[in-house]
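*Asks:* After the structure tokens below, expect a handful of questions from me.
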Amino acid sequence: MKIAVVPNAFKGSLTASEAAECIGRGLKKALRRASVLKIPMADGGDGTVQAIVEATRGRLIRCRVHNPLGRRINSAFGITGDGHKAVIEMAMASGLTLLKPGEYNPMFTSTRGTGELISAALDQGVKEILVGIGGSATNDGGMGMARALGVRFYDSHNRELDEGGGALTRLARIDVTGRDPRIEMVTVSVACDVSNPLCGQRGAAVVYGPQKGATPAMVKHLDEGLKRLAAVIRKDLGINVARLPGAGAAGGLGAGLVAFLDALMRPGAELVTSTIGLGQRITGCDLVITGEGRMDGQTAFGKAPAGVAAVAGKLGIPVIAICGSLGPGAEEVRALGIEAFFSALEESVPDKDLRRRAPAMLEQCATQVGHLIALGKSLPKGSKTH
């Protein structure tokens, strides 16, 4: 029997690679003769760089960039094994986790570091750049990112704007003549699983601003700034990003990537599965086992297990899931083609202990799943239980 183990990261406890190892070990205890193929998976969020680098036998490129408040930090991005694609997580340069809670302030935080990662990727001579845009600390509409690549933003007095979303209300003109010409030579794809527009009641500032430290007054100011940005982009670049689905992702970075880099928005799991060639790699398998830290009603909306099930379904390969825990709506994944799902959580475990206890619990659950598979194979065809 050949089984492909294709889990996402178990957030807060295991990377996708670690989860695959645990599940693989557990299966082999029950199915000693089985062949287990381990393929770490991601959906464009945390762990995407690592998953793609590992799956394609690529490499990490380390570099220095500016964090959301302008401090120099160590960061990295990935290059696929063929050297053709760069993989960037904006959170590794412009993410909320890079700041202390007392520093959260989207009026001043900038995506400049993300632009610096893109510039460093261009230095590698890649043909395509994949950008995951979850976990941002910013609300600057991608202004900092674009500025790092040579785009200039001016007020009505022809002065360059300060960094941060708070400056956008003064925007009068955008000058792209100094944009890095290498941008024209690459394709930029954005892993985006939200449909929020740039501004308005479902926009970046209103929906996501408070979790980044914005007060109600800041939210209003930031939303006005993004409206101003959309208007000037339309005036100077001829691109309408105001109502573009996903434009509001990462504090408007979605809009900025489309407007300044001609990027294409794509569902995160779909982008990762195509990049790692998942369909080709699992062809010939008898079963696929996927998983994530928590499976619930949100899993169906572009999470990694949904992407895995979509690929396996086209190949006629059955899929089951082993997860950390199950939440409301978990049964909805059956409509995706996930035939059964299991929780590895044996009992309530404090968050501080999850990292220590997760490997053993996941391995044990996988062993029991393996025994169940073995039992199913041993039952006579057509047998009935009463």
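*Asks:* On the phi > 0 side of the Ramachandran plot, out of contact with any His (no Cβ under 6 Å at 6 or more places or on another chain) and either outside the structural domain of residue 75 (by TED's automatic domain parsing) or surrounded by fewer than 17 Cβ atoms within 10 Å (Cβ to Cβ) (or both) - does that describe any residue in segment 130-147?
*Replies:* Checking segment 130-147: not a single residue is on the phi > 0 side of the Ramachandran plot, out of contact with any His (no Cβ under 6 Å at 6 or more places or on another chain) and either outside the structural domain of residue 75 (by TED's automatic domain parsing) or surrounded by fewer than 17 Cβ atoms within 10 Å (Cβ to Cβ) (or both).
*Asks:* Select from segment 7-17 the residues that are surrounded by fewer than 24 Cβ atoms within 10 Å (Cβ to Cβ) and part of a loop (DSSP other than H, G, I, E, B) and write down the one among them that is modelled with the lowest pLDDT.
*Replies:* Here the residue is 12.
*Asks:* Residue 337 - would you say it is surrounded by 16 or more Cβ atoms within 10 Å (Cβ to Cβ) and either within 17 Å of residue 290 (Cβ to Cβ) or acidic (Asp, Glu) (or both)?
*Replies:* The answer is yes for residue 337.
*Asks:* Related question: Against the condition in contact with a helix residue (DSSP H, G or I) (Cβ under 9 Å, 6 or more places away or on another chain) and either of a type outside the set (D, E, K, R) or buried (at least 19 other Cβ atoms within 10 Å of the Cβ) (or both), how does residue 181 come out, does it pass?
*Replies:* No: the conditions fail for residue 181.
*Asks:* Given the conditions (1) small (Gly, Ala, Ser); (2) closer than 30 Å to residue 139 by Cα; (3) at pLDDT 95 or above; (4) over 16 Å from the mean Cα position of the chain (by Cα), report the number of the one that residue 76 does not fulfil.
*Replies:* All conditions are met except number (4).
*Asks:* Let me ask another. Run down 20, 4 and say which single residue is out of contact with any Asp or Glu (no Cβ under 7 Å at 6 or more places or on another chain), buried (at least 24 other Cβ atoms within 10 Å of the Cβ) and touching a residue at least 24 places away in the same chain (Cβ under 8 Å).
*Replies:* Matching residue, one of 20, 4: 4.
*Asks:* Let me ask something additional. May I ask you to verify whether residue 312 is buried (at least 18 other Cβ atoms within 10 Å of the Cβ), touching a Ser or Thr at 6+ places or on another chain (Cβ under 7 Å) and either closer than 23 Å to residue 27 by Cα or modelled with pLDDT of 95 or more (or both)?
*Replies:* no
*Asks:* Still on this structure, I have one more. Would you check which residues across segment 329-342 are assigned to a helix (DSSP H, G or I) and out of contact with any Asp or Glu (no Cβ under 8 Å at 6 or more places or on another chain) and list them?
*Replies:* Matches in segment 329-342: 331, 332, 333, 334, 335, 336.
Conditions (1) buried (at least 19 other Cβ atoms within 10 Å of the Cβ); (2) closer than 24 Å to residue 125 by Cα; (3) without any contact (Cβ under 8 Å) to a residue 60 or more places away in the chain; (4) charged (D, E, K, R), marked per residue:
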position: 217; (1), (2), (3), (4): no, no, yes, no
position: 220; (1), (2), (3), (4): no, no, yes, yes
position: 229; (1), (2), (3), (4): yes, no, no, no
position: 233; (1), (2), (3), (4): yes, no, yes, no
position: 256; (1), (2), (3), (4): yes, yes, no, no
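*Asks:* Checking the condition assigned to a loop (DSSP other than H, G, I, E, B) and within 23 Å of residue 38 (Cβ to Cβ), which residue from 345, 362 passes?
*Replies:* So the residue among 345, 362 that is assigned to a loop (DSSP other than H, G, I, E, B) and within 23 Å of residue 38 (Cβ to Cβ) is 345.
*Asks:* Another one. Which condition breaks for residue 355 when tested against (1) crowded, with 18+ Cβ neighbours inside 10 Å; (2) within 21 Å of residue 24 (Cβ to Cβ)?
*Replies:* (1)
*Asks:* Does residue 98 satisfy the criteria of being touching a strand residue (DSSP E or B) at 6+ places or on another chain (Cβ under 8 Å), without any contact (Cβ under 8 Å) to a residue 40 or more places away in the chain and assigned by TED's automatic domain parsing to the domain that holds residue 262?
*Replies:* yes
*Asks:* Inside segment 97-135, can you point out the residues that are of a type in the set (Val, Ile, Thr), closer than 21 Å to residue 149 by Cβ and within 19 Å of the chain's Cα centre (by Cα)?
*Replies:* Within segment 97-135, 111, 114, 118, 129, 131, 133 meet the criteria.
*Asks:* Given the residues 269, 263, which is the only one that is surrounded by 19 or more Cβ atoms within 10 Å (Cβ to Cβ), aliphatic (A, V, I, L, M), farther than 21 Å from residue 163 by Cα and in contact with a Pro (Cβ under 9 Å, 6 or more places away or on another chain)?
*Replies:* 269
*Asks:* While we're on this one: Which condition from (1) more than 26 Å from residue 83 (Cα to Cα); (2) at pLDDT 95 or above; (3) out of contact with any strand residue (DSSP E or B) (no Cβ under 9 Å at 6 or more places or on another chain); (4) surrounded by fewer than 24 Cβ atoms within 10 Å (Cβ to Cβ) is the one that residue 283 breaks?
*Replies:* Result: residue 283 passes all but (1).
*Asks:* Right, here's the next one. Go through segment 187-196 residue by residue and tally those that are at pLDDT below 95 and either in a loop (DSSP other than H, G, I, E, B) or surrounded by fewer than 23 Cβ atoms within 10 Å (Cβ to Cβ) (or both).
*Replies:* Adding up the residues that qualify gives 5.
Matching residues to (1) in contact with a Cys (Cβ under 8 Å, 6 or more places away or on another chain); (2) under 18 Å from residue 111 (Cβ atoms); (3) outside the structural domain of residue 173 (by TED's automatic domain parsing):
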position: 236; (1), (2), (3): no, no, no
position: 243; (1), (2), (3): no, no, no
position: 246; (1), (2), (3): yes, yes, no
position: 250; (1), (2), (3): no, yes, no
position: 254; (1), (2), (3): yes, yes, no
position: 257; (1), (2), (3): no, yes, no
position: 262; (1), (2), (3): no, yes, no
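The values are calculated or read from the model by the stated rules, or taken from the named source; none is laboratory data. The model shown is predicted, which means the values in this text are computed figures rather than measured ones. Because the Cβ atoms are built from the backbone with ideal geometry, glycine has one as well, and the counts that use them run over all protein chains shown.
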